[in-house]
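Have a look at the structure below before the remarks.
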Amino acid sequence: MGDKVLTVCPYCGSGCQMFLKVEDGQVVGAEPADGRTNEGNLCLKGHYGWDFLNDPQLLTARLRKPMIRKEGVLKEVSWDEAIQFTADKLAEIKEKYGPDAIMGTGSARGPGNEANYVMQKFMRAVIGTNNIDHCARVCHGPSVAGLTYSLGDGAMSNSIPEIEDTDLLLIVGYNAPVTHPIVARRIVKAKQKGATMIVADPRKTELARLADTWLPLKGGTNMALINAFGHVLIEESLYDKEYVSSHVEGFAEYKSGVQKYTPEYAESITGVRAADIRKTMRQYAKSGKAMILYGMGVCQFAQAVDVVKGLASLALLTGNLGRPGVGIGPVRGQNNVQGSCDMGALPNVYPGYQSVTDEKIRKKFEEAWGVPLPDKTGYRLTEVPHLILKENKIKAYYIFGEDPVQSDPNAAELREALDQLELVIVQDIFMNKTALHADVILPATSWGEHDGVYSSADRGFQRIRKAVEPPEFVKPDWQIISELSTAMGYPMAYSNSEEIWDEMRSLCPTFAGASYSKMEALGGVQWPCPSDDHPGTPYLYKGNRFTTPSGKGRLYACEWRAPQEQPDAEYPLTLSTVREVGHYSVRTMTGNCRALSRLSDEPGNIQMNPEDAAALGIRNGQLVRVYSRRGNVAARAQLSDRVKAGATYMTYHFWIGACNELTADDLDPVSKTPEYKYCAIRIEPI
Ligand code: SF4
């Protein structure tokens, strides 16, 4: 008889609890647990995404020993040599160019919150810079910024289980069946219970097909649509006047900002019928409980922060906040992207969203960590190529649990930038595309091989647990970073993940009561959880007390801006990046799962409208070459009338047909999130 180890699935922010079944020191299966968000269900990634942990054939691809590049070739070395070499190089670069010449990342994937806490502490206390960021920058960075401006907290206001108890779901740019299947299950249950579902998406997605109303807007026109929604709420006096006068500020500016966005004007921009815009807002305002859910179709545009603020304004205008079954939900994609933000793997905040520029807060961390800390905001991840190539400001890059060459836009520029650096450190579990540019590779333990905490998309801290021993020479991320820190003269001597967690809690009022023992007892704890006797917070803004400086919610209407790169005669189509259900992010883990690869390995497709294909003489399944101003890739044409004429879609998971060779690095001016969802391309048959 084997063991069953309770843990959390590592493949999306739904935070499904599951058991790993272990026999003779090997994982032999997975089964769902009765977790808060998943109630005994898992999607295919949860069921089958574990076999890379102990498959002897796949262990050959696993990073198992530290490596250092010597005379151009990566060679295996001892841990002592790897740590000393890396520490000496970092110290030398810091001495020569200053601490801000070094950039580091957190990781929103397997490592967990404790490793992110230690990494940001290393960058701040040991290197002496706030140059720490992670992949939230390329996904829900606009949610953190926009919701903080509007409401105070940059996170889902309500909980995943509440989705099924709302009366109306307004879903914008979010295809839950592919990105969060267990959240999609809640959406379907809401509909079965009688909720109205309205989906705004350029593509006829799985959710759009289920919706009561599908608003097929043109790509890059979210802001015009959201402004028109606000216009209708005011023009038809549908907004909650009492709520607005008591709990909301900025109404006069908002009203004047949305004035020109009549539904007819918005129709001319978005292609959505004015009548449907009016109908949507009448339904939204009149339902007792309405909830907004959104995803990358909102955030991966160069006007994303404005759109997030616009969506929050709709909830504020109608009083759909501060109670169960309402609110606004940026559903975080990666399993621990909420957690990496919570832990301060961001250039502007310490753990617990405490500002690095607030002197009182900085002093608190200086006292706790025993060193002076930098007082200016650090660099953002998406600025790195420019800072290396154009400004010569970064000399070393410590990349931990991310593969930016596969995941970030304009891959050719990033590769060129990495090759200019004096030191690239990659810490991961498998060889990845970024590691090909590394000077040092540090092999880390995987999910299933270490303890810790993940944060689900709805602010839920949950324990992950070690089920099996890691390969012989591999160490937990927090231990590697601690050893590096000690070698650089700042001893870190944590003996387990709980010690790290407790240090973090002692510095973060919002998380102070979320102990391991409380998570064990309750199954998980949603923040805020400020004290030992606090049970956690399923929904924010109870009593309509917002966490903004004024305590009120703030309305924002922003002028619509078209996406930065428009199609032209040379590049007449648009490209948007999407995901597929069987894979996760850049496939570091799922790409090494035999079961998942068998179920859903179809690399390099480009979805396009049959009319566009016919005009180009392209058949379904034909090989094509896709060109943008930045690069080209081969792909297989997949014709679908769910795609509008003029638009195309590619997944970003695969090395073959890697669509980030094509994507543009135009950034949102506030969050610096790239416009992955819109660039100009052309397609030629091969
Ligand atoms: Fe749940 Fe997401 Fe894992 Fe699927 S991938 S089992 S929805 S956490």
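The values are calculated or read from the model by the stated rules, or taken from the named source; none is laboratory data. Please read all numbers here as calculations on a predicted model, not as lab measurements. Here the Cβ is made from the backbone with ideal geometry for all residues, glycine too, and neighbour counts use every protein chain on show.
Residues that are crowded, with 18+ Cβ neighbours inside 10 Å, assigned by TED's automatic domain parsing to the domain that holds D451 and modelled with pLDDT of 95 or more: find the strands (runs of 3 or more DSSP E) completely inside the stretch 16-133 holding 3 or more of those.
It comes to 102-105.
For the stretch 636-650: of the residues being on the phi < 0 side of the Ramachandran plot and over 26 Å from the mean Cα position of the chain (by Cα), which is surrounded by the most Cβ atoms within 10 Å (Cβ to Cβ)?
A637
If I ask for residues that are without any contact (Cβ under 8 Å) to a residue 60 or more places away in the chain and among the acidic types (D, E), which ones from the stretch 218-240 would you list?
E235, E236, listed by residue number.
Looking at (1) closer than 30 Å to G631 by Cα; (2) over 23 Å from the mean Cα position of the chain (by Cα), which is the one condition that is false for A412?
(2)
Could you pull out the residue among F461, F473 that is among the aromatic types (F, W, Y), in contact (Cβ under 8 Å) with a residue 40 or more places away in the chain and part of a loop (DSSP other than H, G, I, E, B)?
F473
Select, from Y149, Y174, the only residue that is more than 14 Å from K289 (Cα to Cα), outside the structural domain of N41 (by TED's automatic domain parsing) and not in a loop (DSSP other than H, G, I, E, B).
Sole residue among the options that is more than 14 Å from K289 (Cα to Cα), outside the structural domain of N41 (by TED's automatic domain parsing) and not in a loop (DSSP other than H, G, I, E, B): Y149.
Please go through (1) part of a strand (DSSP E or B); (2) touching a residue at least 24 places away in the same chain (Cβ under 8 Å); (3) within 16 Å of the ligand (Cβ to nearest atom); (4) out of contact with any Pro (no Cβ under 8 Å at 6 or more places or on another chain) for P10 and return the number of the only condition it doesn't satisfy.
The number of the failed condition is (1).
If I filter the stretch 109-118 for residues that are away from the ligand (no atom under 16 Å from the Cβ) and either in contact with a His (Cβ under 6 Å, 6 or more places away or on another chain) or of a type in the set (A, V, I, L, M) (or both), do I get at least one hit?
There is at least one residue in the stretch 109-118 that is away from the ligand (no atom under 16 Å from the Cβ) and either in contact with a His (Cβ under 6 Å, 6 or more places away or on another chain) or of a type in the set (A, V, I, L, M) (or both).
Considering the stretch 545-575 alone, what residues qualify as being farther than 28 Å from G219 by Cβ and in contact with a Lys or Arg (Cβ under 7 Å, 6 or more places away or on another chain)?
Passing the criteria: F546, T548, G551.
Find all pairs meeting these conditions: Cβ atoms under 8 angstrom apart; at least six residues apart or on different chains; first residue within the stretch 646-668 and more than 28 Å from S597 (Cα to Cα); second residue part of a loop (DSSP other than H, G, I, E, B) and small (G, A, S).
A664/S628; D666/A302; L667/A302; D668/A302
Somewhere in the stretch 333-351, is a residue outside any strand (DSSP E or B) and without any contact (Cβ under 8 Å) to a residue 60 or more places away in the chain?
no
Filtering the stretch 13-35 down to residues that are among the small types (G, A, S) and within 23 Å of S585 (Cα to Cα), which residue is nearest to the ligand (Cβ to nearest atom)?
Ranking the candidates gives S14 first.
Yes or no: T213 more than 18 Å from Q303 (Cβ to Cβ) and surrounded by 22 or more Cβ atoms within 10 Å (Cβ to Cβ)?
no
Name the pairs whose Cβ atoms lie under 8 Å apart, with the first residue in the stretch 414-432 and part of a helix (DSSP H, G or I), the second acidic (D, E), and 6 or more positions between them or separate chains?
Final answer for the pair search is L414/D408.
For the structure I just gave you, tell me whether G448 is touching a residue at least 60 places away in the same chain (Cβ under 8 Å), on the phi > 0 side of the Ramachandran plot, in contact with a strand residue (DSSP E or B) (Cβ under 7 Å, 6 or more places away or on another chain) and not acidic (D, E).
yes
Would it be correct to say that R594 is touching a residue at least 12 places away in the same chain (Cβ under 8 Å) and surrounded by fewer than 18 Cβ atoms within 10 Å (Cβ to Cβ)?
yes
S456: of a type in the set (S, T, N, Q) and not assigned by TED's automatic domain parsing to the domain that holds C341, yes or no?
In short, no.
If you scan the stretch 186-217, which residues turn out to be under 19 Å from P330 (Cβ atoms) and either without any contact (Cβ under 8 Å) to a residue 40 or more places away in the chain or within 16 Å of the ligand (Cβ to nearest atom) (or both)?
Matches in the stretch 186-217: R186, I187, A190, M197, V199, L207.
Can you give me the number of residues within the stretch 373-408 that are in a loop (DSSP other than H, G, I, E, B) and in contact (Cβ under 8 Å) with a residue 60 or more places away in the chain?
14
Hey, does the stretch 317-340 have a residue that's assigned by TED's automatic domain parsing to the domain that holds M156, of a type in the set (S, T, N, Q) and more than 16 Å from the ligand (Cβ to nearest atom)?
Scanning the stretch 317-340 turns up at least one residue that is assigned by TED's automatic domain parsing to the domain that holds M156, of a type in the set (S, T, N, Q) and more than 16 Å from the ligand (Cβ to nearest atom).
When residues of the stretch 496-522 are filtered for being surrounded by 16 or more Cβ atoms within 10 Å (Cβ to Cβ), out of contact with any helix residue (DSSP H, G or I) (no Cβ under 7 Å at 6 or more places or on another chain) and in contact (Cβ under 8 Å) with a residue 60 or more places away in the chain, how many remain?
4
What are the residues in the stretch 36-51 that are of a type outside the set (S, T, Y), under 20 Å from A184 (Cβ atoms) and more than 8 Å from the ligand (Cβ to nearest atom), if any?
Result: R36, E39, G40.
Go through A562, A521, A569 for me and flag whichever is assigned to a loop (DSSP other than H, G, I, E, B), at pLDDT 95 or above and farther than 23 Å from I606 by Cα.
Result: A562 is the single residue among A562, A521, A569 that is assigned to a loop (DSSP other than H, G, I, E, B), at pLDDT 95 or above and farther than 23 Å from I606 by Cα.
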